[in-house]
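A short worksheet on the structure shown next.
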Amino acid sequence: MRPSLSKAMLAVILLVIPGLSITLSIGPSPWMLACFLGLLALITWRVVLQLEHLGKSILATQENRDPNKALRRQNEQLEIKNFQLRSSHEKLLRATEELRRSNEELDQFAYAASHDLKAPLRAIDHLASFVIEEAGDAVSQNVLNDLETLRGRVCRMDKMLDGMLMYSRLRTETFSLETFDLTEATQSAIDVLDIPSGFHVTVDAETTLLTTHRSPLEQVLRNLIGNAIKHHHKSAGNVHVTASIRNCNLEVAVSDDGPGIAPEYHDVVFQMFQTLRRRDEVESSGLGLSMVQRIIEEHDGEIGIESTLGHGATLQFTWPCAVLDRPSQPTPKRTQNNYSICNTEGRSWLVNK
């Protein structure tokens with residue numbers, strides 16, 4: 001039974017008993033008595049409802065007149081939310097610190113392991129070389145071939161360790177900002193590459209002054225161009241590089257006409273020590289694109305690949321930079337390493353001679 005109904009019945013009883021006594025003393029007929037009781041009960045019920053409604057209105061008015069109570073309730077809710085936020089923030093700080101410590105330990109391990117392993121590798125290479133020189137004709141050609149294969153494996157391992165050393169230093173190495181011409185930087189990156197005579201490299205780069213870290217940018221360009229040549233399935237091919245500025249971002253694309261990469265391997269090529277061809281077919285540490293990705297991401301850039309099997313590959317990356325202006329005078333023509341560079345309407349073209 002609801003509280004309001006209980007109160008109403010109590011009020012009816014308290015009013016009915018005196019009314020009934022008066023009615024009995026007067027001596028009315030039974031139907032008059034019934035009417036009287038029904039009317040009395042209805043009036044009592046309405047009075048109780050009105051009193052309850054009035055009481056609720058009074059309580060609500062008192063709460064509205066007391067703003068401190070509502071403020072206290074809001075403050076309690078805010079304190080609960082602040083506690084939850086502080087707890088989440090502390091967990092995030094702990095996770096960040098653990099991640100930083102793990103990265104430092106991993107870098108230290110990679111540096112120590114690669115550095116300490118290079119000494120015994122050099123000793124193995126020297127021993128194999130001494131055996132080949134001293135054995136001479138005393139051993140069969142098969143043995144000599146096996147020793148040369150051993151030296152080749154040692155050389156491959158040495159290159160992999162060099163790659164690990166370089167990879168571990170990427171996070172801690174610092175570079176200074178430089179202002180330079182984009183075309184000149186692209187030319188400089190290609191000049192140090194030993195490009196086979198059968199390959200043609202063309203570059204379409206804006207003649208634009210920009211400010212950024214030049215050394216890692218040139219390293220990315222060298223790795224991408226060298227990777228396109230190294231993993232080409234033919235002894236001759238073409239590599240095309242485009243570089244332009246879009247919204248203070250340097251956008252570079254390196255395209256080749258090589259064997260292409262199937263879509264299911266687009267993520268694999270950026271993993272450490274991963275190569276799509278057997279290492280006996282092409283000497284590679286499997287760290288080239290991993291280092292490229294790490295360098296670009298360390299500079300808040302992005303890299304992606306577009307390729308289908310049998311139709312070449314295009315690796316595109318963005319590199320945030322500060323763009324100053326286009327040089328007022330065209331860059332003078334220069335020739336080096338069988339490549340020439342010339343300007344046409346603010347754009348530079350590097351072509352194979």
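Taken together, the values in this text are just the output of simple stated rules run on the coordinates, not laboratory data. Being a predicted model, the structure only gives us computed values, none of them experimental. A quick note on method: Cβ atoms are made from the backbone with ideal geometry, for glycine too, and the neighbour counts reach across all protein chains shown.
Quick notes
- Listed peptides 158-166, 130-138, 42-50, 311-319 appear in the order 311-319, 158-166, 42-50, 130-138 once ranked by packing, highest mean of other Cβ atoms within 10 Å at the front.
- Whichever aspartates and glutamates have a C-alpha closer than 14 Å to that of LYS234, once near sequence neighbours (fewer than 8 apart) are set aside: ASP256, ASP257, GLU281
- For PHE180, the shell of other residues with beta-carbons less than 10 Å away shows a net charge of -3, using +1 for Lys and Arg and -1 for Asp and Glu.
- Cβ-based net charge around LEU147, under 13 Å, with every Lys or Arg adding one and every Asp or Glu removing one: -3
- Segment 240-261 versus segment 145-216: alpha-carbon centroid distance in Å: 16
- Note on LYS91: no aspartates and glutamates have a C-alpha under 17 Å away, same-chain residues under 8 apart excluded.
- Nearby aspartates and glutamates by direct alpha-carbon distance to LYS159 (threshold 12 angstrom, same-chain neighbours under 8 apart not counted): GLU283
- Most positive-pole-ward Cα, ILE132, ALA189, LEU121, against dipole of segment 99-190 from beta carbon charges: LEU121
- Taking Lys and Arg as +1 and Asp and Glu as -1, the other residues whose beta-carbon sits under 9 Å from that of VAL239 total -2.
- FRET efficiency for ARG100 and ASP194, using Cβ-Cβ distance with R0 set to 41 Å, rounded to 0.05: 0.60
- Here the extension length gained between PHE130 and GLN50 equals 17.6 nm, from 0.36 nm per residue of separation less the Cα-Cα distance.
- In nm, spacing of pseudo-spin labels at ASP162 and GLN77 (7 Å Cα→C-beta vector): 6.6
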